[in-house]
Amino acid sequence: MKLDILVLAVHPDDAELGCSGTIAKHIAMGKKVGIVDFTRGELGTRGSAEIRDLEAADSAKILGLHARENLRFKDGFFANDEAHKIAVIKMIRKYQPEIILTNALHDRHPDHGRAGDLANDACFLSGLSKISTNIEGQEQEAWRPRLILQYIQDRYIEPDIIVDITPYIQTKIDSIKAFKTQFFNPDHEEAETYISSPEFFDSVIGRAREFGKSIGTTYGEGFTCRKLLGVNDLFNLS
Ligand SMILES: [Zn+2]
């Protein structure tokens, strides 16, 4: 299935924290959007890989995703090497997205930056026809997405572009809360972590509020881009 937007995220819940409002907005506009998670987040202090699989499936339903897959890379220890690049290239060629959204290039969690670099490298290499890949016995065609944006997740980064997600803030909150073991949930009994405190959840909403305020709306999600962004129609800018 061809997707319009493919989100590449190293941990299940990164996409929700970073860009679920943008995902929900584009699905409402009729675009096809999917997520490929790189790991099952098995090193997370709370929950387990199996529970996070179920949570990711719940969130996919909330967002109305057209696809969600997990590459089962090793949480914390995957490398930006040939084998991992080929695995990501296969997903890019399988879904042929116009736009990729991926992890921030610098963040608190070291996996995020490594995944952002891996995604960027794979997007470029995916366009080279001499790199041969196949999936389920079928040779794949070269495919290079035309735009890669990094969502801003934990550390504050000055965005290059902000998407107004005001009508979709509740969908964003619901998709994050689908990860019941990870975020603030007074009914959950495991030890509190950095991301399970009420203050962390407030900071996610506060960040969306600040980005929204910066563009004159209520809620927004910020993205960075390695290349300069162009626009054909000035009236598409706000
Ligand atoms: Zn993460």
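The values are calculated or read from the model by the stated rules, or taken from the named source; none is laboratory data. What you see is a predicted model, and the numbers here were worked out from it, not measured in a lab. Note: ideal-geometry Cβ built from the backbone for every residue, glycine included; neighbour counts use all protein chains shown. For accessibility, only protein heavy atoms count, side chains too; no ligands or nucleic acids. Shrake-Rupley method; radii C 1.70, N 1.55, O 1.52, S 1.80 Å.
Order of 42-54, 16-28, 173-185 by packing, highest average Cβ count within 10 Å first?
Result, highest mean Cβ count within 10 Å first: 16-28, 173-185, 42-54.
State the percentage of accessible surface on the chain attributable to carbon and sulfur atoms; use a 1.4 Å probe and exclude ligands, DNA and RNA.
52
Before anything else, pin down the relative contact order of segment 116-238: Cα pairs under 8 Å, at least 6 apart, normalised by residue count, whole percent.
With pairs under 8 Å counted, the relative contact order is 29 percent.
So with the 1.4 Å probe, I'd like the accessible area per residue for the chain, rounded to whole Å².
The answer is 49 Å² per residue.
Give me the three principal axis extents of segment 95-238 from the C-alpha atoms, as integers in angstrom, largest value leading.
Principal-axis extents of the Cα atoms in segment 95-238, largest first: 52, 43, 25 Å.
Where Lys and Arg each count +1 and Asp and Glu each count -1, what net charge lies around N80 among other residues with Cβ under 10 Å from its Cβ?
With Lys, Arg at +1 and Asp, Glu at -1, the net is -2.
Would you please put 95-107, 156-168 in order of how densely packed they are, using the mean number of other Cβ atoms within 10 angstrom per residue and starting with the highest?
Peptide ranking by packing, descending: 95-107, 156-168.
With an 8 Å Cα cut-off and a minimum separation of 6 or more residues, compute the relative contact order for segment 5-229 in percent.
Over segment 5-229, the number comes to 24 percent.
How much length, in nm to one decimal, is gained on full extension between D53 and Y194, taken as 0.36 nm per residue of separation minus their Cα-Cα distance?
48.7 nm
Given a cut-off of 25 Å, what percent of all Cα-Cα pairs of segment 5-229 lie beyond it?
Of all Cα-Cα distances in segment 5-229, 36 percent exceed 25 Å.
Using helices alone, I'd like the mean residue ellipticity at 222 nm for the chain: each DSSP H run of four-plus residues gives -39500 (n - 2.57), total over residue count, nearest 500.
-12000 deg cm²/dmol
Restricting to Cα pairs below 8 Å that are 6+ residues apart, what does the relative contact order work out to for segment 40-117? Please round to a whole percent.
It rounds to 23 percent for segment 40-117.
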